[in-house]
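Here is the structure we will look at.
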Amino acid sequence: MWFCPRCGAQIMGQVNFCPNCGANFGMPQKRKAPWIVVVFGIAIAIFLFIQVFTKYRPFETINQKADRLGQEKQQDDAIKNDGTKGVWTDQRTGKSTTEIPPTDEIQAGYWVYTPPKFPQP
């Protein structure tokens with residue numbers, strides 16, 4: 001039998017808290033990190049990892065990058081040209097357009113014309 005140092009109440013048995021005032025007799029308990037903070041932190045880390053590796057592609061070789069860019073250019077050209085119009089391509093920049101470029105640039109050989117893939121109706 002012993003007494004609470006805080007309120008003086010008589011304590012029976014092995015307890016960690018005083019039944020009268022709630023004083024703590026045992027070791028202070030450590031607070032655990034809330035699980036939501038841990039899960040949120042992991043989700044942010046995964047998101048950032050995916051963003052970095054899909055945008056910068058650090059393990060892509062020069063040939064793979066050239067192939068990917070060539071495919072993207074072909075897709076862009078296919079979107080621009082549905083096959084019913086010819087395409088003008090600037091030899092200096094590689095840009096394509098269905099609009100007629102300036103005549104002096106055509107005569108200088110900067111632009112190359114590719115006829116339509118399908119006959120116009």
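The values are calculated or read from the model by the stated rules, or taken from the named source; none is laboratory data. The structure presented is a predicted model; accordingly, all values stated were derived computationally and were not measured. Because the Cβ atoms are built from the backbone with ideal geometry, glycine has one as well, and the counts that use them run over all protein chains shown.
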> Which residue out of Gly94, Gly109 is more than 40 Å from the chain's Cα centre (by Cα), surrounded by fewer than 12 Cβ atoms within 10 Å (Cβ to Cβ) and modelled with pLDDT of 80 or more?
Replying inline: Gly109
>> Quick check on Ile42: is it β-branched (Val, Ile, Thr) and at pLDDT below 85?
In response: no
>> Contact list please: Cβ distance under 6 Å, first residue in region 83-107 and under 24 Å from Leu69 (Cα atoms), second residue of a type outside the set (Ser, Thr, Tyr) and in a helix (DSSP H, G or I), pairs at least six apart or on different chains.
In response: Ser96/Asp77
>> If a residue must be modelled with pLDDT of 70 or more and surrounded by 10 or more Cβ atoms within 10 Å (Cβ to Cβ), how many such residues does region 51-77 contain?
In response: 13
>> Take the conditions modelled with pLDDT under 80, of a type in the set (A, V, I, L, M, F, W, C) and out of contact with any Lys or Arg (no Cβ under 6 Å at 6 or more places or on another chain) and apply them to Phe25. Does it pass?
In response: yes
